[in-house]
Amino acid sequence: MKKIIAITTAVVLFACLSTVSAHAGSARRHTIEGFMLGTGVAILSAAIINEINHDSKPYYTNHYARSDRNHHTGYANQHRDTHQHRYAHKNRHDGNFISTGPKGHWVIEKIWKQPVYKKKWNPGHYNRRGKWINGRYKKFLVKDGYWQKTKIWVRY
């Protein structure tokens, strides 16, 4: 439906804008009008082409795609779906624990973030004792340094 509307709009615009007006005017006015008209047509045609090429498609998540969960199959299957998936690592198979995930664990590390300085020009001046100090660049503290905690996955 969008393609039909877009094509119809494009044809009507092309037909209306391809006709030549018969009234006389200044050359400068025609140049500005032509520029504005061309810009508008370019923007509108780009929007129409973009809409035709990138037609929105329905998006299905995993939750809605699995319709078997929504059927009433009995209390036993509902219990199996929720309980066994949560506690699969505690089930035994041939005397061994069943591994369900990757090997490893999270470790919190503290990382030192350096303070941030900004160089500014300090112009020449007299100090308190009356001695002349030449101008120079001086570092001014913008942000203090700090410790940041980050979670890092450590494999076995």
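The values are calculated or read from the model by the stated rules, or taken from the named source; none is laboratory data. This one's a predicted model, so the numbers in the text were calculated from it and none came from an experiment. Ideal geometry is used to build each Cβ from the backbone, glycine not excepted, and the neighbour counts take in all protein chains shown. In case anyone asks, the SASA skips ligands and DNA or RNA and just uses the protein heavy atoms, side chains included. Shrake-Rupley method; radii C 1.70, N 1.55, O 1.52, S 1.80 Å.
What is the count of Lys pairs in region 116-155 whose alpha carbons sit under 14 Å apart, if the two are 8 or more places apart or on different chains? Each step should come with its number before you reach the end.
Numbers: Lys118/Lys138; Lys118/Lys139; Lys118/Lys143; Lys119/Lys138; Lys119/Lys139; Lys119/Lys143; Lys120/Lys138; Lys120/Lys139.
Pairs that pass both the separation and distance tests number 8.
Work through the residues other than Val142 whose Cβ is under 12 Å from its Cβ and net out their charges, Lys, Arg +1 and Asp, Glu -1.
Values: positive: Lys118, Lys119, Lys120, Lys139, Lys143; negative: Asp144.
Neighbour charge sum, excluding Val142 itself: +4.
Which cross-chain or sequence-distant (5 or more) residues have an amide H under 5 Å from the amide H of Asn122, H modelled 1.01 Å from N in plane?
Close amide H contacts, sequence-distant or interchain: Arg136, Tyr137, Lys138.
Along region 42-52, what does the Karplus equation 6.51 cos²θ - 1.76 cosθ + 1.60 (θ = phi - 60°) give for ³J(HN,Hα), rounded to whole Hz, x for Gly and Pro?
5, 5, 5, 5, 5, 5, 5, 5, 4, 5, 5
Roll a 1.4 angstrom probe over the protein heavy atoms and tell me the percent of accessible area of region 116-155 that is carbon or sulfur. Working shown, then result.
Values: 2080 of 4050 Å².
C and S atoms contribute 51 percent here.
I'd like the FRET efficiency for Gln148 and Tyr126, computed as 1/(1 + (r/R0)^6) with the beta carbon distance as r and R0 of 35 Å, rounded to 0.05. It would help to have the intermediate numbers written out before the result.
Working: r = 43 Å, r/R0 = 1.22.
That gives a FRET efficiency of 0.25.
What FRET efficiency do you get for Lys3 and Thr39 if R0 is 30 Å and r is their Cβ-Cβ distance, rounded to the nearest 0.05? All intermediate terms of the calculation are to be shown ahead of the outcome.
Values: r = 25 Å, r/R0 = 0.83.
With R0 = 30 Å, the Cβ-Cβ based efficiency is 0.75.
Please compute the net charge surrounding Ile108, taking Lys and Arg as +1 and Asp and Glu as -1 over other residues with Cβ under 9 Å from its Cβ.
The answer is +2.
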